[in-house]
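Written below as structure tokens is the structure these notes are about.
The values are calculated or read from the model by the stated rules, or taken from the named source; none is laboratory data. Just so we're clear, the structure is a prediction, and the values are computed from it rather than from any experiment. Virtual Cβ from ideal backbone geometry, glycine too; neighbours counted across all protein chains shown.
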Amino acid sequence: MVVEPPDAAEWSREQMRTLSHPSGTEFDRDGETLVVELERP
């Protein structure tokens, strides 16, 4: 599959969300930036 910009950015965000979901990791957007909350045990 070839993804062209700006669709590439949306595809990338969706892939990160899909692949990280099983581990409980969530990504959010802050403008142009992807943000993930990190916790220390």
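Quick check on my filter: what residues within segment 24-34 are at pLDDT 85 or above and at negative phi?
First pass over segment 24-34, keeping only residues at pLDDT 85 or above: 30-31.
Within segment 24-34, just Asp30 meets the criteria.
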Subject >> Pairs where the first residue, in segment 9-28, is surrounded by 11 or more Cβ atoms within 10 Å (Cβ to Cβ) and the second is in a helix (DSSP H, G or I), C-beta under 6 Å, 6+ apart >> reply: Phe27/Met16; Phe27/Arg17
